[in-house]
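Here is the structure we will look at.
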């Protein structure tokens, strides 16, 4: 029986609730498809920070390196600055393991109401591919005259031809694989950022020449944000920089009904290093530990992880089961207008499997 080593970081808040539920769903899939996930659980995150003054131990990357994949619940705490959380755990994982493609699907499932009033017969089914290792999130810069009235903060964005080209090519290859519109939309702000994002535009145009079967569109980020609301059904694969992809993927998540339906994958397509799979919704401190967190985003992440591990059959079965639960409109958490508990949703998905 194939066995896959999975590093599990439940993390904080909602993450501590949804990871055990995800393991229950995986346990239902394992005997049906003849594989096994061997978990290594790590108690890293905010609780670890309060005990040790850091988000994780010094050798955390060496431990994670041994895994076939990483499953992350959520990380974040109201008493810890977000930059400490990100730079103390998440960003080092993404950069060290060269997880340069952040893949965030947004699909409007039957039975789920979008906050948008779509025209009859039109569907939302897109993927935002976010460049994940450089761009605006590069930690290059610093403070001058810190905490003085004339303090200066400098933050430098970094765009390399290699970095842009590989994520753009990934987006085109993804568009070829999807049963979508065979279209890639590039999002920049090159009218204002005349060097970094002009480079992005040039690279996008060059790579597009290699994919004549894929149609293209280039939008400024403000126009893209508008069109995500105005015509979301027109998008297939959207590729954007680290910052723009982060913002747009939150828009795409909410227009398909809830952040509780938004998965993401931090992927190293070369498979040199483990990829990491995490729901977009974060630790959700306002609803954590009330038993009402929507676990479906994490289950969709499990599907992404299984697909990455070569278990596409199990991944497809899991998404079908999730779709059945949503279309039935009987079991759903409060974010989708229901009153079900987290565990009840898990039980419904397992029953659908």
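Details
- Spin-label model, residue 313/residue 182: points 7 Å from Cα along the beta carbon direction are separated by 2.9 nm.
- Cβ-derived FRET efficiency at R0 35 Å, residue 54 paired with residue 191, nearest 0.05: 0.25
- Cβ-based exposure ranking for 182, 189, in which fewest neighbours within 10 Å come first: 182, 189
- A crude spin-label estimate for the pair residue 36 and residue 205, with each label 7 Å from Cα along the Cβ direction, gives 5.6 nm.
- Contour excess over end-to-end distance, with Cα ends at residue 96 and residue 24 and 0.36 nm allotted per residue: 22.9 nm
- Answer label for semi-axes √(5λ) of the Cα gyration tensor in Å (calculated), chosen among [x] 35, 25, 19; [y] 30, 27, 21; [z] 26, 24, 22: [y]
- A straight line joining the Cα centroids of segment 34-72 and segment 282-353 runs 23 Å.
- Report note on the peptides 5-18, 131-144, 274-287: ranked by the mean count of other C-beta atoms within 10 Å, highest first, their order is 5-18, 274-287, 131-144.
- Computed on the chain, with alpha-carbon pairs under 8 angstrom and 6+ residues apart, the relative contact order is 23 percent.
- Each DSSP beta bridge with both residues in segment 114-256 is either parallel or antiparallel, and the antiparallel ones are about 30%.
- In this structure, residue 81 and residue 227 have a Cβ-Cβ separation that, at R0 = 30 Å, corresponds to a calculated FRET efficiency of about 0.35.
- Here the relative contact order of segment 114-256, from alpha carbon pairs under 8 Å that lie six or more residues apart, stands at 39 percent.
- Computed from the C-beta positions of residue 65 and residue 339 and an R0 of 51 Å, the FRET efficiency is 0.75 to the nearest 0.05.
- Counting every other Cβ atom within 10 Å of each residue's Cβ, 3, 216 order from fewest to most as 3, 216.
- Added length on full extension, which subtracts the Cα-Cα distance from 0.36 nm per residue, residue 198 to residue 220: 6.8 nm
- Radius of gyration over Kirkwood radius for segment 114-256, both on Cα atoms: the Rg/Rh ratio is 1.04.
- Simple label model, 7 Å out from Cα along Cβ direction - residue 145 to residue 328, nm: 6.4
- Relative exposure of 123, 23, 79, judged by other C-beta atoms within 10 Å (fewest first): 79, 123, 23
Throughout, read-outs are computed from the coordinates displayed, never taken from laboratory work. No experiment lies behind these values; they were computed from the predicted model shown. Note that we place each Cβ from the backbone using ideal geometry, even for glycine, and neighbour counts take in every protein chain shown.
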